[in-house]
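The values are calculated or read from the model by the stated rules, or taken from the named source; none is laboratory data. Because the structure is a prediction, the values reported are computed rather than measured. Because the Cβ atoms are built from the backbone with ideal geometry, glycine has one as well, and the counts that use them run over all protein chains shown.
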């Protein structure tokens with residue numbers, strides 16, 4: 001998957017990316033960056 | 001787990017995995033304790049975290065594609081608490097109060113337990129301690145992430161990029177279901193106040209609802225004709241059905257124009273705004289598509305009923 005495909009996957013349907021430039025730079029330099037989503041356990 | 005979490009968050013997590021990310025699903029058991037979820041009963045909170053893992057697996061995020069970390073896994077390390085305290089020392093009390101809507105608390109709330117003030121500091125420390133490059137969450141978590149970015153610059157930690165997803169609206173539409181004020185911006189404030197919430201079952205679709213329940217809930221949903229925005233049924237197409245299936249099939253009888261398929265949400269939006277699609281046809285087609293998307297979840301819990309049954313028992317007694 002090329003850079004533009006990866007970027008468009010991450011960006012689709014999102015409310016905002018902070019910042020677009022940082023995300024692009026990250027994907028340009030890091031093949032396997034680390035992302036997280038935290039959830040409160042509340043059913 | 002409702003479809004806002006299971007399918008809006010779930011499909012974004014799948015996007016990240018497909019884009020080559022290492023993805024951590026962080027189960028915030030200590031944060032839930034602070035926020036008095038399940039009356040602060042840690043055993044029930046952990047049971048719920050375990051149920052979440054089963055739901056995500058059933059939705060198509062297998063355990064070997066994602067890493068689960070519990071807050072409990074971090075808190076044994078004193079260097080974690082060092083980060084919490086650094087964040088707390090670097091932020092004013094006002095700033096922390098302003099971040100409290102991340103816990104579903106009113107911005108002006110002051111009659112809180114003191115432990116609530118730890119919550120935003122821990123959420124920021126979690127990001128630093130796990131060394132994440134991208135913090136992902138619903139737009140209601142924005143204030144915690146902005147605090148993380150400012151704290152990172154001030155304290156010399158890696159500054160996370162952030163991806164914020166929309167909040168899926170409850171089926172009863174854009175109306176305030178939660179008391180209080182959650183954001184300075186009125187439009188964001190309304191989005192947070194209208195989001196799907198499991199505490200109002202008729203307004204929420206759960207990932208394990210059967211097709212009959214799904215269609216009866218959708219039939220009762222707010223869905224004004226010709227109005228595509230702030231319309232929860234249209235939002236389900238935009239945020240769930242299109243990303244999951246890549247298309248939306250409108251099923252209707254010949255006398256009303258016959259079936260139609262949409263491959264772009266913008267085309268559906270145009271037709272709906274022009275009054276070419278009746279809300280009832282839209283609703284029936286949305287119910288059918290959702291039932292199809294959720295079929296694997298139902299069959300997963302049919303062959304593996306224990307986690308769901310335990311969760312239901314806990315919900316009834318709380």
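Do we have residue A:22 as closer than 20 Å to residue B:238 by Cβ, within 7 Å of chain B (Cβ to nearest Cβ), surrounded by 12 or more Cβ atoms within 10 Å (Cβ to Cβ) and modelled with pLDDT of 95 or more here? Against the criterion (closer than 20 Å to residue B:238 by Cβ, within 7 Å of chain B (Cβ to nearest Cβ), surrounded by 12 or more Cβ atoms within 10 Å (Cβ to Cβ) and modelled with pLDDT of 95 or more), residue A:22 does not qualify.
For the stretch B:260-275, name all the residues that are farther than 23 Å from residue B:10 by Cα and exposed (fewer than 13 other Cβ atoms within 10 Å of the Cβ).
Initial filter on the stretch B:260-275 (farther than 23 Å from residue B:10 by Cα): B:260-261, B:267-275.
Result: B:261, B:274, B:275.
Scanning the stretch B:38-58 for residues that are surrounded by fewer than 21 Cβ atoms within 10 Å (Cβ to Cβ), free of Cβ contacts under 8 Å to residues at least 40 places away in the same chain and at the interface with another protein chain (Cβ under 10 Å from one of its Cβ atoms) yields B:42, B:46.
Return yes when residue B:4 is within 11 Å of chain A (Cβ to nearest Cβ) and outside any strand (DSSP E or B) and no when it is not. Full working, then the answer.
Values: within 11 Å of chain A (Cβ to nearest Cβ): no; outside any strand (DSSP E or B): yes.
No, not satisfied.
Looking only at residues that are in a helix (DSSP H, G or I) and without any contact (Cβ under 8 Å) to a residue 24 or more places away in the chain in the stretch B:233-276, which one is nearest to residue B:216 (Cα to Cα)? For the stretch B:233-276, the residue satisfying everything is B:242.
Among all residues of the stretch B:66-77, there is none that is more than 14 Å from chain A (Cβ to nearest Cβ), free of Cβ contacts under 8 Å to residues at least 40 places away in the same chain and either under 25 Å from residue A:16 (Cα atoms) or part of a strand (DSSP E or B) (or both). Each residue in the stretch B:181-228 was checked for being away from chain A (no Cβ under 14 Å) and assigned to a loop (DSSP other than H, G, I, E, B), and 16 pass.
Among the candidates A:32, A:6, single out the residue that is within 7 Å of chain B (Cβ to nearest Cβ) and in contact with a strand residue (DSSP E or B) (Cβ under 8 Å, 6 or more places away or on another chain). Break it down into steps so the answer makes sense when it comes.
Details: A:6 fails: in contact with a strand residue (DSSP E or B) (Cβ under 8 Å, 6 or more places away or on another chain).
Exactly one of A:32, A:6 is within 7 Å of chain B (Cβ to nearest Cβ) and in contact with a strand residue (DSSP E or B) (Cβ under 8 Å, 6 or more places away or on another chain), namely A:32.
Looking across B:27, B:7, one residue alone is crowded, with 21+ Cβ neighbours inside 10 Å and more than 26 Å from residue A:6 (Cβ to Cβ). It is B:27.
On inspection, residue B:286 qualifies as surrounded by 13 or more Cβ atoms within 10 Å (Cβ to Cβ) and either over 21 Å from residue B:6 (Cα atoms) or at pLDDT 95 or above (or both).
Using the structure shown, decide if residue B:161 is in contact with a helix residue (DSSP H, G or I) (Cβ under 7 Å, 6 or more places away or on another chain), free of Cβ contacts under 8 Å to residues at least 60 places away in the same chain, more than 24 Å from residue B:33 (Cα to Cα) and surrounded by 17 or more Cβ atoms within 10 Å (Cβ to Cβ).
Details: in contact with a helix residue (DSSP H, G or I) (Cβ under 7 Å, 6 or more places away or on another chain): yes; free of Cβ contacts under 8 Å to residues at least 60 places away in the same chain: yes; more than 24 Å from residue B:33 (Cα to Cα): yes; surrounded by 17 or more Cβ atoms within 10 Å (Cβ to Cβ): yes.
Yes.
For the stretch B:13-34, residues that are more than 7 Å from every other protein chain (Cβ to nearest Cβ) and under 18 Å from residue B:63 (Cβ atoms) total 2. If you filter the stretch B:108-158 down to residues that are surrounded by fewer than 16 Cβ atoms within 10 Å (Cβ to Cβ), modelled with pLDDT of 95 or more and not in a helix (DSSP H, G or I), you find that the one that is farthest from the other protein chains (Cβ to nearest Cβ) is B:156. Taken over the stretch B:289-311, residues that are within 14 Å of chain A (Cβ to nearest Cβ) and loosely packed, with under 13 Cβ neighbours inside 10 Å amount to 1.
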